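What follows is a short report on a single structure.
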Amino acid sequence: MAGSGLTSLGRVKLTDLVPLEGLPSDAYKISVSILSQSLAQFSAVIVQFPESDGSLLRSGLESARLYFHQRESYPPADIIHTAESREWCKTSGYYADPHLWQESYDYRPGLTPSEPNNSIEFPPAGLQDMFASFGKAARHILDAISFHLNLRSFPFAEILDNVPLRNREISSSVLSVCCHARPSFQEPQHHNIATQEDGQIVMYPDQDHHVDKGLISIVKSDKAGLQVRDFQGRWILVDGDLGPQEAVVYPGLALYQATAGYVSPALHKTEINMEPNMYGRCSLAFKLLPKSMANLDCSEMRAAGYGIEAQFQLPVPVDDFMQRSHQTDHIFNRPGFQCFNFPPTNDGSGKTIRRRKQNPKSKPLPPSKRLRLEAQRVLKERVQDIADKKGIKLRFCNLKECENHIHALDSPCANIRLEIGWPPGVPFVHPHDLPNKAKLGFLEAYEPGWTEGHQNLDRLVNTRLTLTESITLISSIWGTCDQVVRFLGG
């Protein structure tokens, strides 16, 4: 695998993400790593379902095409809804949104859909089996993300529905059978039509892109068109080459909130090819949603030692979170927690800063340098103690090696971090981990105002650091005090 990370959207088998008792298998660890890297780089991942579920997906899409094809050309006014007017946890049955040229049938266990004029309508076939398959897969994927974040097992169980549902309970999660641009539904009066270079005509709805509010979304479509924006701002077609057993998975805003921003949601849009067809573009979309009476908080992340930003400190009622609108500009402009780069720093004149060699015998180290070296020594000793107890042989990278394989699965850094349980998000201890002039640019990007905040370090000269002081110093440098204190205190 290339040292710069995944070269394309990650693919994992669902069977490899099923947790088992005891130590994780190599297949599980590799699949979790691919899953996490793909979510970090592309905000999505392709999951391959077992063969039995693959046939279920195919029949579900065929049933969706037939269901929408037999409906009337224009739906009655009482079933025309927009996304803003629908109650998020009570949708069930057929809905239409002419502005998006979209129809959907929502299946929500525990809630019987009401039809206009008390008429009887047959829903698409196989909804119960597809809901069960998607729901099980979504929970396995959520647990795999939790494993990557070094959280305890099933950390989000308290905000998820019971399995199975208890008496009179209604599912929060929903399976939507969708159809875009059915030719017999309505003329595209409110959409942007464009012609591509290859002559194909495509449609972009007026609401060009959005973010799902749930925890995990799983989408299977019969035609390509789903695009997700990656961490570099590029739009990536994620369902262009899906196999019959594969579906696209991406996280939503609720998971972003519950993980204190460590898992970014996917910004996505749908491009609809206007080539002549009878059925439009049909898809199955499962959304794993939190319970309406629960709260989204970061207690699990805090317990695992993560630093929690101010915006995530207070718990948020799920019902309020799901109903209000969310500004996403700050989400997609913030740096991803796995995407660290080490750009060369300059002084503003375009010239790279070069450090002059100094004779240590003629001039003592500056106070800040001595403090950082002492903090580094204490942390490295702590890592070595843990490795010795676990029988792990350490090999630290040098700076150049670390830059070359910062995203790689087989890097010494990544293997050591995983084996000793180093908290995710906390920079690992290398001989090059502590600041110098060549890394000020990285530190400023990682924690704006770092340089100004550390100008008072010189006052601590002539002080011998204790372990507690070293922890405080390195925590202030990295801005992750809770993570370092918890890890070193263990």
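Bear in mind these aren't lab numbers, they're just calculated from the coordinates by the rules spelled out. Given the structure is predicted, the values throughout are model-derived calculations rather than measurements. Please note: Cβ atoms are built from the backbone with ideal geometry, for glycine as well, and neighbour counts cover all protein chains shown.
Which entries of Lys223/Lys287; Lys29/Lys291; Lys29/Lys269; Lys13/Lys287; Lys13/Lys213; Lys136/Lys223 show an alpha-carbon separation above 28 angstrom in the structure shown?
Details: Lys223/Lys287 20 Å; Lys29/Lys291 30 Å; Lys29/Lys269 31 Å; Lys13/Lys287 19 Å; Lys13/Lys213 25 Å; Lys136/Lys223 24 Å.
Pairs exceeding the cut-off: Lys29/Lys291; Lys29/Lys269.
Could you calculate the contour length gain from Asp129 to His326, that is, 0.36 nm times the residue separation minus the distance between their Cα atoms, to one decimal place in nm? Mind dumping the intermediate values first?
On the way: separation 197, 0.36 × 197 = 70.92 nm, distance 3.29 nm.
Once the chain is fully extended between Asp129 and His326, it gains 67.6 nm.
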How much net charge surrounds Ser52 when only the other residues with a Cβ under 14 Å from the Cβ of Ser52 are counted, with Lys and Arg +1 and Asp and Glu -1?
0
Quick one: check the C-alpha center-to-center distance for region 307-322 versus region 157-186, whole angstrom.
24
